[in-house]
Each structure stands twice: as structure tokens, then as C-alpha cells.
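A.B. asks: Can you keep this structure in mind? I'll have questions shortly.
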Amino acid sequence: MDDDRFDDLIRNLPDDFKVPDPPLEEMWRVIENAHFNARTASTSRVWTQSTPWLAAAAALLVGIGIGRYMPTRSAGPTPESTLGSRPPASSTQLPLYDTSAVADAYRDQTNQYLGQAAALLISLPAKAGTQQADATFANKAADLLVTTRLLIDSPAATQDPKLRSLLEDLELVLVQIARLRGERNKGDLDLIHQAVEQGDVISRLNSAVATTQSSE
Amino acid sequence: MNERQLIARVIAGDRLAGRALYDTHAPRVYSLAYRLSGDPEKAREFTQDTFIRAFSRLAQFRGDAAFSTWLHRITVTVVSNARRSEVRIAREVTLDEAHSIETAPEAEPDLKESIARAVEELSDAYRTTLIMHDIEGYTHAEIAEILGVPEGTCKSRLSAARAQLREALAAFKE
């Protein structure tokens, strides 16, 4: 290929790889829900309304977690050290926000997220279901994946190595669940269950739920 | 209302200001996410992730760089992290799956497929630089600021990326 031909090819790259129209409204709804409606947790509401037994299961997990771990919390890190979002002491510029409010927001978001993740994992069937059922799990996992990645980079995780490790394991599990959409991935359920068991993910979720609940 | 004021209002919880910022920047963010991921579904997810992350960190935006630069830096980070996660799950990925960039229907199929594959096989740094410069139209100065590297590094990466691309396409005589 000569120089002119290659230069043409480079010049034409933008036309060759056209971008589809962005789904602006659809994306905005997700962003709005995640950022501005975080406390109302609309996605959670839709999920729990459509599958109330999942909500009950999640509540049960939370209850067990609190019952098991609450007495030991006094020896643990303070809520502020675990979930606070204070800037480094060396920071010379004052933040434009109320750090305690941000910490509360992260705690609420983490709490809500952990409950949803627990609900999803314990409701995951042992065998592949219908394509529609798998798609429901996959979609929910994809939604949770967004939150997982946000939380991994949030002060809630950066200041709490245990939570960060749990979130990273959850990220891997959720990526696999999110890929259940395709027919070819149905055999992967065993691998997902294996990953959940080997990582002791549900029991660590219990513990994390108890920690965030008791720090409120 | 200027962008600085919009940002202040979003920090205060004003969703209309958030929507205004989103309307201004979302098409470019989506375009970048799509070009870097080659998949519309992933581009949607990465764009959402970018804005959710950006809004939650707006208070940390000090205005040293343009807001768009800051936002595009988050986009590149989001896409890179996701690509690393995909590698971490160590799945067998077929060539067809890896090569998912949609090509224009009127393009020469073999050549376009080969270009997409060659771009996909570049290292992350080369690939990102090539896509941002040659496809998305960023300047070297912009890319350097977004990626946090010197402009010279950016230029040498582009040059190396083009050389690899050319080598991969050597079979195409015409």
C-alpha cells in the first residue's frame, strides 16, 4: 500500500466508522435516576415490585447480617473513617460541598446497592431459565454493574479495602450475569455460581450490609 | 447561564442544569465511547457511567481544564477500566466478537474489516490515541491533556499506531 493510499484511508476513517444516533433520552433517564433520584431509588422500586419475593429475600439477608455482625461494630472503624469522603489534609482548596452529606449519600447508595446485589445473587437460578428470564437477570446485572463501578471509585470503597475487594469480586460476577443475554452463554451459570461460592460473595455481602447499616 | 454556573447548580441538585450540561456534551461523549468500544450497547453504558461519575464528582472539578476535557478524560477512563475488566474475566473471545466495530455498508468489506481488526489489536494507548486523533478529530494538545501525557508522547504514539496499522494492511495493494 503506497503513501497516498494509506493517507486516504486514514482521512476516510471517520466516515468508515460511523457513529449511530445516541439514545439521548434513554441514557438521560438512567443518569437522572442514578444521580438525582438516588434516594427515591426508582430502579429498585421497579425491581422489587415486579419480584416481591426478591425484596423479601434481600430484607432477610440484611436482617441476618445485622443480627450476626452488629455487636462487633464497636471495635470496627468509625462510619466516618469507613465511608467518609473528606479530602486529603494536604488539600489547599476547600471543597464546594458538605462532606457529611456526601458521606451520607454514599452510605445510602452503598446500602441500597448491596441489598439489590444480594437479592440478585440469591435469586439466580441454578439452571438456565427462559431467554426472557435470563434477559431480566442480565439487565438487572448490567444496571448494578454501573453502580458497582461507580462505588469502586468512590470514597466508600477507597477508604474501605474490604468493601473494595467485595465490589471488585461482585463486578466480575455481574459482568458474567450481564452476558447471560446470549443463547451461547447459558452454560455459564455454573461458572457464575462457582465464582459466587469461591469468593464467599454472599456472606461478605451480608457482612458489608451489616457494616453500612450499623454506621447510619 | 454559563457552564460554570450550570456546574454549580448541578452540585446543588438542579436536574435541569444537569440536563443542560448533558445535552451539550452527551453526543460527543457517546461518539468517543462508541469509537473506543465499537459497540452501541457498551457506548450507551459508558456514556451513562461517565455522566453519573462526573456529576457525583463535580465538586472536585476545579476548572483548571475545560469541562469537556475533564469529561472526556472520565470517558476514556471508564472505557479503559471496562476493557481491563473484560480481560480479567479471561473468557475465550472469538475473533468475530472482538471485531465488533460496525462499518459503513458501502465500504469495501475486506479492507474495512481488516482496518477494524488492526485497530482493535493495537495496544490500548496506541488505539486510544489513533481513534481520538484520526477518527474523533481531537488535536494532539487535547489528547495530551485528556490522557495526561506530554504532547510529544501523544505524537509518537500516533506515529507508532499508524505504522502498525499500515503494516497490518500491507496486503492491500490498492
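Computed from the coordinates by the stated procedures, all read-outs in this text should not be read as laboratory data. Computed from a predicted structure; not experimentally measured. So basically every Cβ, Gly included, is an ideal-geometry build from the backbone, and we count neighbours across all protein chains shown.
A.B. asks: Kindly express, to the nearest 10 degrees and within the range 0 to 90, the angle between helix B:67-88's C-alpha long axis and the longest C-alpha principal axis of chain B.
C.D. replies: The helix B:67-88 is inclined about 50 degrees to chain B.
A.B. asks: I would also like to ask the following. What is the sum of charges around B:Asp64, taking Lys and Arg as +1, Asp and Glu as -1, for the other residues whose C-beta is under 12 Å from the C-beta of B:Asp64?
C.D. replies: That works out to +1.
A.B. asks: Shifting gears a bit: Considering the Cα trace of chain B, what is its radius of gyration and what is Dmax, both in angstroms?
C.D. replies: According to the Cα coordinates of chain B, Rg and Dmax are 17.7, 59 Å.
A.B. asks: Mind checking the angle between helix B:109-120 and chain B's longest principal axis? C-alpha axes, 0 to 90 degrees, to the nearest 10.
C.D. replies: 60
A.B. asks: Next up: Would you tally the net charge around B:Thr75, using a Cβ to Cβ cut-off of less than 10 Å, leaving B:Thr75 out, and scoring K and R as +1, D and E as -1? Walk me through the numbers on the way to the answer.
C.D. replies: Numbers: positive: B:Arg28, B:Arg53, B:Arg73; negative: B:Asp49.
Local charge sum for B:Thr75: +2.
A.B. asks: Given R₀ = 25 Å, FRET efficiency for A:His193-B:Ser123 by Cβ-Cβ distance, to 0.05? Could the numbers behind the result be given before it?
C.D. replies: Working: r = 35 Å, r/R0 = 1.40.
E(calc), rounded to 0.05, equals 0.10.
A.B. asks: I'm a student and want to see the number: the projected area of the Cα convex hull of the range B:104-174, averaged over all directions, in nm².
C.D. replies: Value for the range B:104-174: 5.0 nm².
A.B. asks: Rounded to the nearest 10 degrees, what's the angle between the helix B:151-168 long axis and the longest principal axis of chain B, both from Cα atoms, 0 to 90?
C.D. replies: In chain B, helix B:151-168 runs at an angle near 30 degrees to the longest axis.
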